[in-house]
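Structure first, commentary second.
Derivation of every value follows stated rules applied to the coordinates shown; laboratory data play no part. Source: prediction; values computed, not measured. Cβ atoms come from the backbone with ideal geometry, glycine included; neighbour counts cover every protein chain shown.
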Amino acid sequence: MPSAPVPGPRVVHVPLTDLGGRPGVEEVRVWVVKLEYPPANEASLLACLTAEEHDRAARYKVARPRHQFVTGRGLIRQILGACLGVRPAEVPITYTGAGKPVLDGGELHFNVTHTDAVALLALATRPVGIDTEQVRDLANPDGLVQRFFSPAEREAYRNLPPQLKRAGFFHGWTCKEAVIKAAGLSVTCLESFDVELDPARPPAVIAARHAELADRRWGLAAWEPVPGFAAAVALGE
Ligand SMILES: CC(C)(COP(=O)(O)OP(=O)(O)OC[C@H]1O[C@@H](n2cnc3c(N)ncnc32)[C@H](O)[C@@H]1OP(=O)(O)O)[C@@H](O)C(=O)NCCC(=O)NCCS
């Protein structure tokens with residue numbers, strides 16, 4: 001069913017020196033982490049994790065994804081711990097059925113995304129999802145559009161002028177991921193909603209056919225968190 005446009009949330013970039021503070025109702029607080037220069041050393045980030053998270057970190061065979069997990073989870077625990085007034089390792093994080101990590105009790109909502117170079121951490125008072133991608137040339141963008149975008153999005157992509165296709169692709173991709181992550185769903189739902197693909201128009205969910213997406217309205221914001229990266233955040237109404 002077509003969705004009425006929802007105003008996008010206000011994205012507030014917060015410096016990594018300020019891990020405290022609660023978001024306003026229409027606001028998503030976002031921390032941008034350059035993974036090459038994390039704001040804390042690995043030992044102090046590991047000290048923020050639970051025993052279960054230590055086990056998960058130890059199971060990574062490759063250093064880069066391990067570093068992404070330890071940095072993202074360690075910092076989000078510091079941010080939540082500062083809000084809740086508890087030690088980072090004591091922040092009660094649990095998982096939904098599709099594997100979304102959430103704060104037990106639902107008082108605050110968070111989400112994390114990482115690329116090889118950059119991680120973004122989002123904090124809000126309502127369900128939130130965040131995604132970022134490095135904007136780059138792809139070997140077969142049309143094939144990815146065919147595979148991951150809905151029929152309406154495929155048509156919108158075809159109609160974009162050539163000079164907007166790359167931006168439109170990453171705009172659509174990050175918006176779709178942000179919506180899925182906000183709702184705590186999985187990529188199996190990609191065909192069941194449509195987002196605005198034209199980066200020159202306000203980001204929006206145009207139609208939602210999946211019950212869990214249609215039952216709630218989702219505001220979207222899209223921006224460039226660091227040069228050369230596209231990011232989107234979705235916030236449940
Ligand atoms: C798992 C998924 C939610 C995101 O995966 P991703 O884009 O590879 O990864 P990101 O870096 O953006 O996000 C990973 C983080 O999201 C969180 N996460 C995991 N499962 C989640 C879910 N179901 N919902 C919301 N957040 C989730 C976790 O915090 C995870 O980081 P962590 O494992 O270090 O804690 C899922 O959408 C996926 O598998 N995507 C694959 C990419 C794809 O095909 N995209 C098509 C877009 S059109």
For the range 216-232, which positions are crowded, with 19+ Cβ neighbours inside 10 Å, hydrophobic (A, V, I, L, M, F, W, C) and out of contact with any Ser or Thr (no Cβ under 9 Å at 6 or more places or on another chain)?
Leu220, Ala221
Of the conditions (1) of a type outside the set (A, V, I, L, M); (2) within 15 Å of Phe148 (Cα to Cα); (3) outside any helix (DSSP H, G or I), the single one that Lys176 does not satisfy is (3)
Taking the condition of being within 13 Å of the ligand (Cβ to nearest atom) and in contact (Cβ under 8 Å) with a residue 60 or more places away in the chain, how many residues in the range 80-96 meet it?
1
With the condition kept exactly as written, say whether any residue in the range 183-193 is surrounded by 24 or more Cβ atoms within 10 Å (Cβ to Cβ) and either under 15 Å from Gly8 (Cβ atoms) or among the hydroxyl-bearing types (Ser, Thr, Tyr) (or both).
no
Scanning the range 107-161 residue by residue, those in contact (Cβ under 8 Å) with a residue 60 or more places away in the chain and among the hydrophobic types (A, V, I, L, M, F, W, C) turn out to be Leu108, Ala117, Val118, Ala119, Leu120, Leu121, Ala122, Leu123, Ala124, Val128, Ile130, Val135
